[in-house]
1. Which residue pairs have Cβ atoms closer than 6 Å, lie 6 or more positions apart in sequence or on different chains, and pair a first residue in region 131-152 that is under 11 Å from residue 88 (Cβ atoms) and in contact (Cβ under 8 Å) with a residue 40 or more places away in the chain with a second residue that is within 11 Å of ligand 2 (Cβ to nearest atom) and part of a helix (DSSP H, G or I)?
2. Picking from 43, 52, which residue would you name as being outside any helix (DSSP H, G or I), within 16 Å of ligand 1 (Cβ to nearest atom), at pLDDT 95 or above and surrounded by 13 or more Cβ atoms within 10 Å (Cβ to Cβ)?
3. Which of the residues spanning region 60-94 are surrounded by 22 or more Cβ atoms within 10 Å (Cβ to Cβ), within 16 Å of ligand 1 (Cβ to nearest atom) and free of Cβ contacts under 8 Å to residues at least 60 places away in the same chain?
4. Is it the case that region 106-126 has a residue that's within 13 Å of ligand 2 (Cβ to nearest atom), touching a residue at least 40 places away in the same chain (Cβ under 8 Å), within 18 Å of residue 35 (Cβ to Cβ) and assigned to a helix (DSSP H, G or I)?
5. Could you list, in sequence order, all residues of region 55-77 that are assigned to a loop (DSSP other than H, G, I, E, B) and either under 12 Å from residue 25 (Cβ atoms) or within 16 Å of ligand 2 (Cβ to nearest atom) (or both)?
6. Anything in region 5-39 that is over 20 Å from residue 112 (Cα atoms), touching a helix residue (DSSP H, G or I) at 6+ places or on another chain (Cβ under 8 Å) and assigned to a loop (DSSP other than H, G, I, E, B)? List them, or say none.
7. Taking residue 142, is it surrounded by 13 or more Cβ atoms within 10 Å (Cβ to Cβ) and within 18 Å of residue 26 (Cα to Cα)?
8. Restricting to region 78-94, name every residue that is assigned to a helix (DSSP H, G or I) and within 13 Å of the chain's Cα centre (by Cα).
Ligand code: FES
Ligand code: FES
């Protein structure tokens, strides 16, 4: 049975009509039009769908949307402030850490969660943080460089 729930996404409250068993990723993309989080595998294996839930990185393809009720969801669309990209977004661009871009929203959200918990991670800690996020283009080094550069800038 369909029902209406209230979701907090990127600082705004949304009332959304949901179907049973809908994932957070489906609702973000199909109901709210927030297509930054990607569906790569839909199985928890690629990290392309990563968003922040109460500040922690989470795989939105594995999460039923109802379990996000009462929590603060942040997607890649929520990182920019007053038209300015987040420093981590800029760093990905500056370091060439974005090629096709499919993995980039998930990588950046994982990087954001890491830097919030540990503002000065080592390269190994960065590698561990992004270990669940697949990138077929960059070879990962530029992604580690981009996250490390923001850590160093703090
Ligand atoms: S789409 Fe969620 S982990 Fe791959
Ligand atoms: S930039 Fe293409 S998958 Fe990472």
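1. As it stands, the answer is 143/107; 146/92, since those pairs meet every condition given.
2. Values: 43 fails: surrounded by 13 or more Cβ atoms within 10 Å (Cβ to Cβ).
Within the list 43, 52, the selection yields 52.
3. If the condition is that a residue be surrounded by 22 or more Cβ atoms within 10 Å (Cβ to Cβ), within 16 Å of ligand 1 (Cβ to nearest atom) and free of Cβ contacts under 8 Å to residues at least 60 places away in the same chain, then 60, 61, 76 are the ones that fit.
4. yes
5. Step one: list which residues in region 55-77 are assigned to a loop (DSSP other than H, G, I, E, B), which gives 55, 60-63, 69-71, 75.
Once the filter is applied, which keeps residues that are assigned to a loop (DSSP other than H, G, I, E, B) and either under 12 Å from residue 25 (Cβ atoms) or within 16 Å of ligand 2 (Cβ to nearest atom) (or both), region 55-77 yields 60, 61, 62, 63, 75.
6. Once the filter is applied, which keeps residues that are over 20 Å from residue 112 (Cα atoms), touching a helix residue (DSSP H, G or I) at 6+ places or on another chain (Cβ under 8 Å) and assigned to a loop (DSSP other than H, G, I, E, B), region 5-39 yields only 22.
7. Values: surrounded by 13 or more Cβ atoms within 10 Å (Cβ to Cβ): yes; within 18 Å of residue 26 (Cα to Cα): no.
No: the conditions fail for residue 142.
8. Hits for region 78-94 are 78, 88, 89.
The values are calculated or read from the model by the stated rules, or taken from the named source; none is laboratory data. Bear in mind the structure is a predicted one, so any value in this text is a computation, not a measurement. Because the Cβ atoms are built from the backbone with ideal geometry, glycine has one as well, and the counts that use them run over all protein chains shown.
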